[in-house]
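Chemist: Submitted below is the structure of interest, expressed as structure tokens.
The values are calculated or read from the model by the stated rules, or taken from the named source; none is laboratory data. Keep in mind it's a predicted model, so treat the numbers as computed, not measured. As a convention, Cβ positions derive from the backbone with ideal geometry for all residues, glycine included, and neighbour counts pool all protein chains shown. Ligands, DNA and RNA are stripped out before the accessible areas are found, and what is left, the full protein with its side chains, is counted by its heavy atoms. Shrake-Rupley method; radii C 1.70, N 1.55, O 1.52, S 1.80 Å.
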Amino acid sequence: MRCIITGAADGIGKALAWQYARAGYQVVGIDRDTARLAQTRAEFAAAGYPLPCIVADLAQPDAVADAVRILAASGPFDVLIHNAGINAVGHFAASNLARQRAVLRVNLLAPLLLTQGIVQAGLLRDGGALVLIASLSHYVGYPGAAVYAATKDGLASFGRSMAVALAPRQISVLTVYPGPTRTAHARRYSPDNRHEQRRMPPEQLAALIFRAQQRRRRILLPGTAAKIMAAVGHLFPALAEWGMRRAILDRLGAVQYE
């Protein structure tokens, strides 16, 4: 069994790599951070798990095409997980548009292009799985990171459509809507890290994703808190928007975090 994970050098991607490797999968990681990827690869090797890696900046379409060509030499694969993501937090009207375009390319365009290349080349086995890491923002919004939220909503819509398109090949599509997770990424972009310990550990999230993918589920809201927040966002959208504004947007001030 073989698995591709983007953004595998750290955070949720690294936790997923451990989860799948320990379950017997041969994992191939993709990331742009050369140093961190090398460190992760060394940790896996020390534990007896080989971790072939592809260094690629997924913001560049040519890099995505190169990654597909490299994967073609060692495919096919059973699972493709789109986890890589970046953010740009701040008031949108004053934001760095070049950075926002990069968010669009990494979070949305790259998964589309990579999926197309892999499926077109026959690198995802019949009966396999496609996993998309979206966001709880799909249900509650994300004021202060509107472009990030838009990309994650795009992934959710893509997953819904691809589930139908890939059904004849019995390829399942799982879309995950994580809430706050205890990662460096979340810490970097949050305006308030005083309650960081309340966030879900990435290892717990990875275990929930693995179980949901193995059960061929379509949607995963990981954890009780995420389910409650999603329900509030669905039933009481104004309340959810007020809460997110108080928790995020009002604390950003004029600061732009990149």
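Chemist: Rounded to the nearest 20 debye, what is the charge dipole size of the range 104-182 about its Cα centre when +1 sits on each Lys and Arg Cβ and -1 on each Asp and Glu Cβ?
Modeler: 100
Chemist: Hey, rough spin-label estimate for residue 47 and residue 60, points 7 angstrom out along Cα→Cβ, what's it come to in nanometres?
Modeler: 3.1
Chemist: So with the 1.4 Å probe, I'd like the accessible area per residue for the range 68-132, rounded to whole Å².
Modeler: Working: 2580 Å² over 65 residues.
Normalised by residue count, the accessible surface of the range 68-132 is 40 Å².
Chemist: Hey, any idea what % of the chain's accessible area is carbon plus sulfur with a 1.4 Å probe?
Modeler: On the way: 6760 of 12140 Å².
The value for the chain is 56 percent carbon and sulfur by accessible area.
Chemist: Per residue of the range 107-116, in order, report the coupling 6.51 cos²θ - 1.76 cosθ + 1.60 (Karplus, θ = phi - 60°) as ³J(HN,Hα) in whole Hz, putting x for Gly and Pro.
Modeler: Working through the residues one at a time gives 7, 10, 5, 4, x, 5, 5, 5, 4, 4 Hz.
Chemist: Can you pull the Kirkwood radius for the range 19-131, inverse mean 1/r over Cα pairs, to one decimal in Å?
Modeler: 15.3
Chemist: What FRET efficiency comes out for the pair residue 99/residue 169, r = Cβ-Cβ distance, R0 = 35 Å, nearest 0.05?
Modeler: Efficiency for this residue pair is about 0.40.
Chemist: So, one more: Using unit Cβ charges (K, R positive; D, E negative) and no other charged atoms, how large, in debye to the nearest 20, is the dipole of the chain about its Cα centre? Let's see the in-between values first.
Modeler: On the way: 29 positive and 16 negative charges, 115 e Å.
That gives the chain a dipole magnitude of about 560 debye.
Chemist: Take residue 39 and residue 203, extend 7 Å from each Cα along the Cα→Cβ direction, and tell me the distance between the two endpoints in nm.
Modeler: Result for the modelled spin labels: 1.8 nm.
Chemist: Once phi is turned into ³J(HN,Hα) by the Karplus curve 6.51 cos²θ - 1.76 cosθ + 1.60 with θ = phi - 60°, what whole-Hz value does each residue of the range 229-237 show in order, with x for glycine and proline?
Modeler: Going residue by residue, I get 5, 5, 5, 4, x, 7, 8, 10, x Hz, with x marking Gly and Pro.
Chemist: Something else now. Using only the Cα atoms of the range 58-202, build the gyration tensor, take square roots of its eigenvalues as a ≥ b ≥ c, and label the shape rounded, prolate or oblate: rounded if a/c is under 1.5, else prolate if a/b is larger than b/c, else oblate.
Modeler: Verdict is prolate for the range 58-202.
Chemist: Report the label-to-label distance for residue 216 and residue 23 in nanometres (one decimal), using points 7 Å from each Cα along the Cα→Cβ vector.
Modeler: Taking the simple label geometry, residue 216 and residue 23 are separated by 1.5 nm.
Chemist: Amide H to amide H under 5 Å from residue 2: which residues, 5+ apart in sequence or cross-chain, H placed 1.01 Å off N in plane?
Modeler: 26, 78, 79
Chemist: Here's another thing I want to ask about it. Would you tell me the accessible area of residue 10, worked out with a 1.4 angstrom probe on the heavy atoms of the protein chains, in Å² to the nearest 10?
Modeler: Probe radius 1.4 Å; accessible area of residue 10 about 60 Å².
Chemist: Something else now. What is the range 98-141 by shape, rounded, prolate or oblate, if you read a ≥ b ≥ c off the alpha carbon gyration tensor as root eigenvalues and call it rounded for a/c under 1.5, prolate for a/b larger than b/c, and oblate otherwise?
Modeler: Values: a/c = 5.12, a/b = 1.53, b/c = 3.34.
Oblate shape, in that a/c is at least 1.5 and b/c is the bigger or equal ratio.
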